[in-house]
1. Give the residue that is farthest from the chain's Cα centre (by Cα), with candidates limited to residues of segment 40-66 that are of a type in the set (Asp, Glu) and outside any strand (DSSP E or B).
2. What single numbered condition from (1) small (Gly, Ala, Ser); (2) surrounded by fewer than 19 Cβ atoms within 10 Å (Cβ to Cβ); (3) at pLDDT 95 or above fails to hold for SER4?
3. Name the one entry in ASN150, ASN201, ASN135 that is at negative phi, at pLDDT 95 or above and exposed (fewer than 15 other Cβ atoms within 10 Å of the Cβ).
4. Being on the phi > 0 side of the Ramachandran plot and without any contact (Cβ under 8 Å) to a residue 12 or more places away in the chain, is that true of even one residue in segment 94-116?
5. Out of all the residues in segment 104-118, which are surrounded by 20 or more Cβ atoms within 10 Å (Cβ to Cβ), over 9 Å from the mean Cα position of the chain (by Cα) and of a type outside the set (Asp, Glu)?
6. Show the residue pairs meeting these rules: Cβ distance below 7 Å; 6+ apart or different chains; first residue within segment 21-42 and under 23 Å from LEU164 (Cβ atoms) and modelled with pLDDT of 95 or more; second residue part of a helix (DSSP H, G or I) and aromatic (Phe, Trp, Tyr).
7. Quick one: in segment 12-34, of everything that is surrounded by 19 or more Cβ atoms within 10 Å (Cβ to Cβ) and in contact with a Ser or Thr (Cβ under 6 Å, 6 or more places away or on another chain), which residue is farthest from TRP174 (Cα to Cα)?
8. Inspect all residues belonging to segment 60-71 and state whether any of them is within 17 Å of ILE112 (Cα to Cα), among the charged types (D, E, K, R), buried (at least 24 other Cβ atoms within 10 Å of the Cβ) and in contact with a helix residue (DSSP H, G or I) (Cβ under 7 Å, 6 or more places away or on another chain).
Amino acid sequence: MQQSPKDLVPHFFDKTAQTYEKVATWATFGKDKYWKKEIVNKIDDANSILDLACGTGRLTRMIAAKFPRSRIIGLDISKSYLNIANNELFPNISFIHQDAEKMNIGEKFDCICSSYLPKYCDSKILIKRCMNHLNPGGSIIIHDFVYPENSMVRIFWKLHFVLLRFIGNFIPSWKYPFSELPKLIQKSKWIDQYIQELDKNGFDIRRQNLTWNSSVILHARKIPDY
């Protein structure tokens, strides 16, 4: 039976919480923080913000620093990652252990955002869950890796993952993720799938390509029903 992208989640993340933020920084040449800043810059003056697949809370903390008076919730499927996130306390952040595709928080938000989640989820399921938790006129901001379109950039992209696979031989907890992540990125059609779902549900969608089109942010705002 063929694995679904979501089946890879425990293999990628069960043993990597302690080193995740450092690895995310050097493995992306520091672009991880830049991409997350771009997400934060797209959030308007929101009173409530939900960060899906918040992991160790890097993006959640950046949001909290910009919006200290807003209510912010970080949600993740991994307890080990949430344990790390809870080590740095912000008075306006709460963390919840739930699966994004099954989330049931019991409240609505002005903005729902996420980094690196889309490629693992079913777009129809995730957007439906988001809409159940989104205030009228609210926005959804999602970001993830993509396989570059430019042939020259693809060469460097592939060489980068060859290097990461080699490094994975010396960091056992990252060996499998470094091996399987590029395959997942190459196969994923998450951008087209999410644009289709967001458009179908009445969102105005804007796309931002980042770092030679190696990652993309979709910023979607719900068009009010008149």
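1. Among residues in segment 40-66 that are of a type in the set (Asp, Glu) and outside any strand (DSSP E or B), the one farthest from the chain's Cα centre (by Cα) is ASP45.
2. Result: SER4 passes all but (3).
3. Details: ASN201 fails: exposed (fewer than 15 other Cβ atoms within 10 Å of the Cβ); ASN135 fails: exposed (fewer than 15 other Cβ atoms within 10 Å of the Cβ).
Checking each option against the conditions leaves just ASN150.
4. Scanning segment 94-116 turns up at least one residue that is on the phi > 0 side of the Ramachandran plot and without any contact (Cβ under 8 Å) to a residue 12 or more places away in the chain.
5. Hits for segment 104-118 are PHE109, CYS111, ILE112.
6. Going by the 7 Å Cβ cut-off, the qualifying pairs are VAL23/TRP174.
7. Looking at residues that are surrounded by 19 or more Cβ atoms within 10 Å (Cβ to Cβ) and in contact with a Ser or Thr (Cβ under 6 Å, 6 or more places away or on another chain), I get ASP32.
8. There is no residue in segment 60-71 that is within 17 Å of ILE112 (Cα to Cα), among the charged types (D, E, K, R), buried (at least 24 other Cβ atoms within 10 Å of the Cβ) and in contact with a helix residue (DSSP H, G or I) (Cβ under 7 Å, 6 or more places away or on another chain).
The values are calculated or read from the model by the stated rules, or taken from the named source; none is laboratory data. Small disclaimer: the values here were computed from a predicted structure and weren't measured. Cβ atoms come from the backbone with ideal geometry, glycine included; neighbour counts cover every protein chain shown.
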